[in-house]
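Structure, as structure tokens:
A short reminder: the numbers here are calculations on the coordinates, not readings from a lab. In this text the structure is predicted, and so the values were computed from the model without any measurement. With ideal geometry, Cβ positions are generated from the backbone for all residues, glycine too; neighbour counts draw on all protein chains shown.
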Amino acid sequence: MPRVKRSTKRSDRRKKILKRASGYFLTKSKLYQAAQEAVERSLMFAYTGRKQKKRQYRALWIVRINAACKVNGMSYSTFIAGLKAAGNQLDRKILADIAANDAPGFAALVVQAKAGLASKTNQAAA
């Protein structure tokens, strides 16, 4: 078999890994094998972190909406159910922004949710 020289491809691959590992502690930023393991591990954490970020933001939005609902004398679950019954399709991100920055606007949404709940109970009773 012919001899294979890997000069540029090998060095490019190593350079890419070591560049990603710059700033890591001790040998993890200098030695290729340790750097490769550290970079692989960090990429796994980054992948799971991107998934967790979505969950954490949704939880934050729900907390903000719930706090604004309590101020307006309503629970979060009844507020969301009322908005759905009223046909309002604002998502939680927008609702949390309104709750944090526009109190009168959120109060109007609470009134809309209460009206939606009332119409829902009237339909169920009929």
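Kindly provide the set of residues from region 14-30 that are under 16 Å from LEU43 (Cα atoms) and in a helix (DSSP H, G or I), ordered by number.
Matches in region 14-30: LYS16, ILE17, LEU18, LYS19, ARG20, LYS28, SER29.
From the list ALA38, ALA81, ALA118, ALA59, pick out the single residue that is part of a helix (DSSP H, G or I) and within 30 Å of ARG10 (Cβ to Cβ).
ALA38
If PRO2 satisfies every condition in (1) of a type outside the set (Phe, Trp, Tyr); (2) more than 30 Å from GLN112 (Cα to Cα); (3) in a helix (DSSP H, G or I) but one, which is the exception?
Failing condition for PRO2: (3).
Go through (1) over 30 Å from PHE106 (Cα atoms); (2) among the charged types (D, E, K, R); (3) crowded, with 16+ Cβ neighbours inside 10 Å for ARG64 and report which single condition fails.
With (1) over 30 Å from PHE106 (Cα atoms); (2) among the charged types (D, E, K, R); (3) crowded, with 16+ Cβ neighbours inside 10 Å applied to ARG64, the lone miss is (1).
For ALA115, which of the numbered conditions (1) surrounded by 16 or more Cβ atoms within 10 Å (Cβ to Cβ); (2) touching a Gly at 6+ places or on another chain (Cβ under 9 Å) fails to hold?
Unmet for ALA115, out of (1) surrounded by 16 or more Cβ atoms within 10 Å (Cβ to Cβ); (2) touching a Gly at 6+ places or on another chain (Cβ under 9 Å): (1).
Go through region 67-95 and give me each residue that's among the β-branched types (Val, Ile, Thr) and either over 19 Å from ALA118 (Cα atoms) or crowded, with 17+ Cβ neighbours inside 10 Å (or both).
VAL71, ILE80, ILE94
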